[in-house]
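Please read the structure below before turning to the comments.
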Amino acid sequence: MHLSALGWDDSLANLFPPFSAAGLVPARVALEHKHAYELLAPSGELTAVCTGKLLHSAATRGDLPAVGDWVAASVRPGEARADIHAVLPRRTKFSRRAAGETATEQIVAANVDTVLLVTALDQNFNLRRIERYLAVAWESGAQPVVVLTKSDLHSAPAEARAEVASIAVGAPVVALSAMQDAEPAQVLRPWLVPGRTIALLGSSGVGKSTLINRLLGADRQRTSAISDAVGKGRHTTTHRELIVAPEGWLVIDTPGMRELQLWDVDDTALDATFADITALAARCRFSDCAHRGEPGCAIQAALDDGTLDVGRWQSFQKLQREQAYAARRADPRLERETKAGWKKLNRQLRAATRMKANGD
Ligand SMILES: Nc1nc2c(ncn2[C@@H]2O[C@H](COP(=O)(O)OP(=O)(O)OP(=O)(O)O)[C@@H](O)[C@H]2O)c(=O)[nH]1
Ligand SMILES: [Mg+2]
Ligand SMILES: [Zn+2]
C-alpha cells in the first residue's frame, strides 16, 4: 500500500527527511492495545511498541501515539514488528479529559479530516448533546458533519434534520437509515474521498458501527442492540480502530462515549458553535455586558421575543462554565487562585449576611 493511500501528504513528507536519515520509516497507527500498537505501513501491518525514550519524554498521555497518528518507526529486520521513536505533529486531533483525579489529555483520534457526529433519531435525540459535540469538533480542526441515524424510527425525519440544521451553524446535517436506505453511503459521498480520513463519534448504540459496515459493504465491525441505552455502560465497539475502505477512504470507528468531557475547548470553538449568540452579544449596549439584566442587552431581548431559544442559551452557558472548569483542572495554580478567590468571596458574603440579619 502506498503512503498517500494512508493519508500521507506533502507537509508530512517535508518534515520526514531527518527521520529517514536515522533509518526510520513512516507508519500510521491503526489500533491501540494496552501496551502495543498495530501500524499500517507501505510494507504491511506492523505490531509496535514505543521506545523507552519516547515513553520517558512524554509529559502526558497525549504525547504518546493514538489512533490516526503518523509515527516514525524502526522495523525489526525480518519481522512484522517495529519500535515507535516519534509521533509526528497532528494536523487535527480529538481529545477529551481522561477519567481520574488530575486532568490528563486523552487523544480519541488524530489526523481526522471529517468527523461524523452521530446521533440517533430515537428517544435519545438531544439537540444539546449535538451542540456539545460540535464544540469539540470545531476545536479538533476537522470538518464536522452531523449524521442523524435511525431515520426509520422517527415520524418526521426531515423536520428533525431542519431543526438540527438551525443549531449546527457551518456543519452539514444529513439524516439516514442504515436499515432501510438502499444506499446510505449516498448522502455521505462528498466526504468519502480516497486518502482522506473520516471518524465517527457519538453515544453508544446510535449506530456508528452499523453505518460503517454499510459504507464498507461488509460486516467488518461488530454491532449490537445491547448498548448504553439498555445495558448500562455496555459498549459494543471496545477499541478505536482505523480501517482502510476498498475505495481508498479511511475511517476510524470509536466506542460510544457516555460523556464527552471538554478538553481545552477554546473561545473560538464555542464561538463557531454558537455564532448566533456571539453576534447577538456584539449588539449589547455595554461591551462587557454579562447578560444578567443590564439595560440594552441584546441577548435578553432575543430571549424575550423568542428569537433565541432558552435551552440553547443555557447550553452555551453550561459549556462556558465547563470550559473554565477544564482550564482550571489543567492548571493547578489557576485552581488554587480561584479557590482562594471563592473563600474570600464566601467570607465577604457571610459578613454581608450577618450585617443584614443584624439589621444594619
Ligand atoms: N432502526 C434502526 N436501527 C439501527 C440503525 N442503525 C443501527 N441500528 C441498530 O442500533 C443498534 C446499535 O448499533 P451499533 O452500530 O452497534 O451502535 P454503535 O454506535 O456502534 O455502538 P457502540 O459500538 O456501543 O458505540 C443495533 O441494534 C443496530 O442494528 C438504523 O438506521 N435504524
Ligand atoms: Mg460500535
Ligand atoms: Zn447582554
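Output wanted: per-residue J couplings in Hz (rounded whole) for the stretch 143-155, from phi through Karplus 6.51 cos²θ - 1.76 cosθ + 1.60, θ = phi - 60°, x for Gly and Pro.
My calculation for the stretch 143-155 gives 7, x, 10, 8, 10, 9, 9, 6, 4, 5, 8, 10, 6 Hz in order.
Could you give the length gained on full extension between residue 292 and residue 35, defined as 0.36 nm per residue of separation minus the Cα-Cα distance, in nm?
Between residue 292 and residue 35, full extension yields 87.4 nm more.
Compute and list, largest first, the equivalent-ellipsoid semi-axes of the stretch 94-253 from the alpha carbon gyration tensor, each √(5λ) rounded to a whole angstrom.
21, 19, 18
Say a paramagnetic label sat at a point 7 Å from the Cα of residue 278, along Cα to Cβ; which residues of the stretch 120-136 have their backbone N under 14 Å from it?
Label zone hits: 135-136.
Restricting things to alpha carbons, find the Rg to Rh ratio for the stretch 1-62 using the Kirkwood radius for Rh. Intermediate results must be reported in sequence, preceding the final value.
Working: Rg = 12.7 Å, Rh = 13.1 Å.
Using Cα coordinates only, the ratio equals 0.98.
Hey, rough spin-label estimate for residue 271 and residue 61, points 7 angstrom out along Cα→Cβ, what's it come to in nanometres?
3.1 nm
Taking 8 Å as the Cα distance limit and 6 or more residues as the minimum spacing, I'd like the relative contact order of the stretch 42-131 as a percentage.
26 percent
In percent, what relative contact order does the stretch 3-89 have, based on Cα pairs under 8 Å that are 6 or more apart in sequence?
Over the stretch 3-89, the number comes to 28 percent.
How much length would be gained if the chain were fully extended between residue 180 and residue 309, taking 0.36 nm per residue of separation minus their Cα-Cα distance, in nm to one decimal?
That pair, residue 180 and residue 309, stretches by 43.1 nm at full extension.
Rounded to the nearest 5, what % of DSSP beta bridges with both residues in the stretch 94-253 are antiparallel? Kindly include the intermediate steps, with their values, before the conclusion.
Working: 9 of 26 bridges.
Taking every DSSP beta bridge with both residues in the stretch 94-253, the antiparallel ones total about 35 percent.
Rounded to the nearest 0.05, what FRET efficiency do residue 53 and residue 238 give with R0 = 22 Å and r taken as the Cβ-Cβ distance? Could you check?
Using R0 = 22 Å, I get an efficiency of 0.15.
Taken together, the values in this text are just the output of simple stated rules run on the coordinates, not laboratory data. All values derive from a computational prediction rather than experimental measurement. Positions of Cβ are generated from backbone atoms using ideal geometry, with glycine treated the same way; all protein chains shown enter the neighbour counts.
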